[in-house]
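Below: one structure, written as structure tokens.
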Amino acid sequence: MTRARVLVLNSALGPLDYRVPHGMAVEPGSIVVAPLGPRQLLGVAWEAERMPSDAEVGDNRLRPLLGVADVPPLPAPLRRLVEWTADYYLSPPAAVVRMCLGSMQALEGARTVTEYRATGAAPPRLTPQRTQALERIGERQGLIRELAAVADVSDAVIRGLVKAGALEAVAVDIDSPFPEPDPEHAVPVLSAEQAAAAETLVAGVAAHSFAPTLLDGVTGSGKTEVYFEAVAAALRAGRQVLVLLPEIALTEPFLHRFADRFGCEPVAWHSGLRSTQRRRAWRAIVSGQARVVVGARSALFLPYARLGLIVVDEAHETSFKQEDGVHYHARDVAVMRGLFEECPVVLASATPAIETRQQVALGRYAEVKLPGRYGAAQMPAIAAVDLIRTPPERGRWIAPVLVEKLRDRLEKREQSLLFLNRRGYAPLTLCRHCGHRFQCPNCTAWMVEHRLTRRLACHHCGHIEPVPRACPECKEEDALVACGPGVERIADEVAALFPEARVAVVTSDTIWSPARAAEFVGRMEAGDIDIVVGTQLVTKGYHFPNLTLVGVVDADLGLEGGDLRAAERTFQQIRQVSGRAGRGEKPGEVFIQTHSPTAQVMQALVTGDADAFYDAETEARREAGAPPFGRYAALVVSSEEQACAHEVATAVARAAPQVEGMAVYGPAPAPLAMLRGRYRYRLLVHARRALDVQDVIRGWLAGVQVPAKARVTVDVDPYSFL
Ligand code: ADP
Ligand code: ZN
């Protein structure tokens with residue numbers, strides 16, 4: 001190439017053309033350094049015919065590229081995925097391609113970096129900042145910048161500690177190869193049912209072709225065990241494997257389980273990696289040396305050299321939907337990646353999404369079923385607790401039946417889990433004297449009290465305040481009351497009921513890293529915890545054989561607000577958490593506290609008749625033309641100035657084209673009318689399945705002048721309606 005079209009990593013710019021200097025080898029996918037004004041930008045060379053540019057420049061006026069990274073070019077299937085994602089989710093290609101790079105350090109040539117760690121020697125002069133730094137750094141090792149961030153001090157303080165001999169330099173070989181998993185390490189003996197399922201998946205891997213498959217098995221049926229056989233087949237074939245998990249908290253138990261089967265851990269990819277780990281992983285992925293990668297959704301866009309299998313575990317989880325930047329759904333993009341890479345994609349779930357079931361019904365996805373639990377384990381018995389007829393005592397949240405069951409488990413030395421999908425102590429705090437409610441200054445949301453940290457926190461923007469003694473409105477002292485329960489309050493109630501019980505609260509506030517999750521698992525397995533009180537973080541992935549009781553504190557919670565997937569989500573979440581009970585030899589029991597025990601979703605949970613529930617939900621969706629039978633796209637207009645947001649939203653609505661098979665609703669103030677200090681208005685586009693709604697929206701928005709003060713974001717196939 002003497003001329004290159006480059007996607008520079010700046011979403012505000014379209015593709016730009018450059019001259020390739022003599023002697024520089026640039027091909028599509030090459031990662032290059034390009035000049036832009038006085039700056040240098042990273043970019044990726046692209047096939048010019050696939051990425052039209054409206055700024056065609058003559059050869060003689062082109063500026064030369066400054067360099068090309070010494071790493072393999074992004075492979076063609078990944079380039080096709082970038083184009084598809086940008087197109088489908090109406091996002092700038094530059095924003096998508098940025099997700100492929102993942103580690104800027106990986107593009108540099110050097111093979112060692114200098115990290116620092118404590119020597120144990122105290123510096124001659126000990127300032128409070130130095131003390132804080134050494135305390136927080138502890139056993140950690142990292143770059144100056146990373147240690148400074150951990151210690152919450154400036155880089156200069158860290159450098160001072162190096163000079164003073166309290167920290168020492170360590171040369172780290174960042175690109176040492178990862179150990180290779182061995183498919184023959186510990187081959188399990190599968191049940192007949194499992195073996196049949198595994199055989200189908202293995203055949204898919206051997207075929208080297210696109211084959212999306214739903215692995216639909218009840219909790220504890222051995223889905224992981226079964227798809228591990230497909231992983232083994234891909235390893236034997238010399239291919240790479242990507243396993244996507246919905247939460248990084250699940251990574252740690254997965255790593256152990258994988259190591260038990262394959263003799264070493266897979267390569268992990270998540271936001272908690274240090275930059276050197278990130279670099280090492282990225283380089284091993286692009287070279288093909290990293291054989292199995294397990295990660296959160298960001299692992300989906302990495303440049304695998306020869307992908308042979310993609311697994312999306314807990315594929316129904318809505319956390320696969322990214323809600324900022326490029327609004328993509330990792331499950332759906334994973335299937336597209338399988339198409340471009342020509343490899344099978346396994347979606348594993350005990351409660352598949354209606355969208356996925358519909359693909360099976362249409363014959364586009366294959367289906368493999370595991371209807372029973374593995375071994376002696378039985379599905380738990382599930383009962384509803386009517387909160388109107390048998391309510392908890394005044395001021396309490398756990399009904400007498402459930403209290404008795406907890407007592408029974410404590411006596412039997414078995415473990416229990418109480419599930420409530422609400423972090424903190426109470427979702428609302430108000431003043432008993434004047435009625436003042438604590439609201440976030442940046443969002444349309446109540447401040448949530450967290451007693452563990454003695455703060456009020458906004459769960460939308462992260463704003464925090466200390467809990468005041470006096471009401472800020474009427475100045476009355478000690479008049480604040482907590483309204484409603486969060487997990488911390490339930491834990492308090494349990495402690496009051498059973499002072500001798502050992503209680504653990506499990507939420508993203510207490511389990512924020514894979515290491516914390518590992519610690520929790522260790523304590524559960526050692527029997528150091530009697531009762532777990534947790535949010536959705538404990539509903540999946542874990543396998544605790546001695547856990548025999550699950551109580552759902554408020555099964556109605558997910559039905560509030562009532563968006564299109566409320567009932568489905570409630571069903572999935574409660575089925576999933578029920579699945580934690582009785583996974584070993586002892587049978588499990590589940591109690592679901594609800595105000596409407598006769599509601600269809602509660603009945604389906606109690607009887608276990610998933611098909612009846614799904615069929616009714618699917619019919620309701622079909623009638624409403626809702627996904628998967630029709631499609632939605634949400635347009636959110638936001639601005640720091642309310643008038644501006646309103647004006648632009650109205651202009652967008654006015655510009656809406658009249659298209660057969662498409663309706664536009666709104667604008668209306670969003671339920672979260674203010675978020676992070678920005679006023680928000682929503683429009684909802686509802687379209688026939690067959691309509692190219694992206695194309696319509698692209699043309700529509702191109703005709704609307706959006707001032708710099710406002711922003712229009714498009715969410716195709718939205719999951720959040722807030
Ligand atoms: P799921 O992912 O469907 O919930 P898992 O794969 O976690 O189920 O299996 C549940 C438990 O049963 C795990 O502890 C797993 O190790 C065990 N198990 C499942 N199948 C087998 C098998 N064939 N041999 C030995 N243990 C198995
Ligand atoms: Zn807020």
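Under the combined filter of DSSP loop state and at most 10 neighbouring Cβ atoms within 10 Å, the stretch 51-118 retains these GluC sites (Glu not before Pro): Glu56. Restricting the calculation to Cα atoms, the chain yields a radius of gyration followed by a Dmax of 27.2, 84 Å. Put a dot 7 Å past the Cα of Thr127, heading toward its Cβ, do the same for His208, and the two dots end up 6.2 nm apart. Ordering of 497-503, 21-27 by packing is 497-503, 21-27, highest average first (other Cβ atoms within 10 Å, averaged per residue). Maximal additional length on extending the Glu108-Glu323 stretch stands at 74.3 nm, based on 0.36 nm per residue less the C-alpha distance.
In the chain, the DSSP-assigned H stretches of four residues or longer account for a calculated mean residue ellipticity at 222 nm of -9500 deg cm²/dmol, using -39500 (n - 2.57) per stretch and the full residue count as denominator.
Here, P(r) means the percent of Cα pairs in each 5 Å bin from 0 to the largest distance; for the stretch 216-305 it is 3, 14, 24, 26, 21, 8, 3, 1. Here the label points at Arg61 and Leu497, each 7 Å from Cα along the C-beta direction, are separated by 7.5 nm in the simple model. The long axis of helix 642-654 is offset from the longest Cα principal axis of the chain by roughly 70 degrees.
Between rounded, prolate and oblate, where does the stretch 493-646 land on the alpha carbon gyration tensor, with a ≥ b ≥ c its root eigenvalues, rounded for a/c under 1.5, else prolate if a/b exceeds b/c? It comes out oblate by the Cα gyration axes. Once both labels are positioned 7 Å from their Cα atoms along Cα-to-Cβ, the gap between Cys483 and Arg688 label points is 4.7 nm. A simple charge model with +1 on the Cβ of Lys and Arg, -1 on the Cβ of Asp and Glu and nothing else charged puts the dipole of the chain at about 1500 debye relative to its Cα centre.
The slack between Ala12 and Asp609, meaning 0.36 nm per residue of separation minus the straight C-alpha distance, is 209.9 nm. Candidates Ala151, Gly534, Cys440 compared by Cα position along the dipole of the chain: farthest toward the positive end lies Ala151, with charges placed on Cβ. Given R0 = 25 Å, the distance between the Cβ atoms of Ser176 and Arg136 translates into a calculated FRET efficiency of 0.35. Take 468-479, 516-527 and order them by the average number of nearby Cβ atoms within 10 Å per residue, most first; the result is 516-527, 468-479. When Rg and Dmax are taken over the Cα atoms of the stretch 420-470, they come to 10.5, 30 Å. Net charge dipole, the stretch 596-648: roughly 120 debye, given to the nearest 20, about the Cα centre with Cβ charges of +1 for Lys and Arg and -1 for Asp and Glu. The count of lysine pairs in the chain with alpha-carbon distances below 26 Å, taking only pairs 8 or more places apart or on different chains, stands at 13.
The residue among Gly138, Val189, Ala121 whose Cα reaches farthest toward the positive pole of the charge dipole of the stretch 88-214, with charges on the beta-carbon of Lys, Arg, Asp and Glu, is Ala121.
Divide the volume of the convex hull around the Cα atoms of the stretch 429-539 by the residue count and you get 118 Å³ per residue. Distance between the C-alpha centres of the stretch 502-575 and the stretch 250-266: 21 Å, rounded to the whole angstrom.
List the residues of the stretch 148-192 whose backbone N lies under 13 Å from a point placed 7 Å from the Cα of Arg117 along the Cα-to-Cβ direction. The answer is 167-173, whose backbone nitrogens lie closer than 13 Å to the label point.
For the chain, take the longest principal axis of its alpha carbons; what is the angle in degrees between that and the long axis of helix 275-287, to the nearest 10 within 0 to 90? In the chain, helix 275-287 runs at an angle near 70 degrees to the longest axis. Look at the dipole of the stretch 543-602 built from charges on Cβ: of Gln573, Gly558, Val601, the Cα furthest out on the positive end belongs to Gln573.
With 17 Å as the cut-off, how large is the P(r) tail for the stretch 115-213, expressed as percent of Cα-Cα pairs?
64
Which of rounded, prolate, oblate describes the stretch 33-119, given a ≥ b ≥ c as roots of the alpha-carbon gyration tensor eigenvalues and a/c under 1.5 marking rounded, otherwise prolate only if a/b is larger than b/c? Because a/c hits 1.5 or more and a/b fails to exceed b/c, the stretch 33-119 counts as oblate. For the stretch 660-722, with equal point scatterers placed on the C-alpha atoms only and solvent neglected, what are the log10 I(q)/I(0) values from the Debye formula at q = 0.18, 0.30 1/Å, to two decimals? The Debye formula, applied to the Cα set alone, gives -0.77, -1.46.
In the chain, the longest principal axis of the Cα atoms and the axis of helix 76-88 are about 60 degrees apart. Per-residue extension of 0.36 nm, minus the Cα-Cα distance of Gln705 and Arg469, leaves a gain of 80.1 nm for this segment.
Using Stokes-Einstein with the Kirkwood hydrodynamic radius over Cα pairs, what translational diffusion coefficient do you get for the stretch 168-326 at 25 °C and a viscosity of 0.890 mPa s, in µm²/s rounded to a whole number? The partial results should precede the final answer.
Numbers: Rh = 16.4 Å.
The calculation lands on 149 µm²/s.
How would the stretch 24-67 be classified by its alpha-carbon gyration tensor: rounded, prolate or oblate, with rounded meaning a/c under 1.5 and the a/b versus b/c comparison settling the rest? Note, shape of the stretch 24-67 comes out oblate.
Read the figures in this text as sums done on the coordinates, not as results from a lab. Bear in mind the structure is a predicted one, so any value in this text is a computation, not a measurement. Methodologically, a virtual Cβ is constructed for each residue, glycine included, from the backbone with ideal geometry; neighbour enumeration extends over all protein chains shown.
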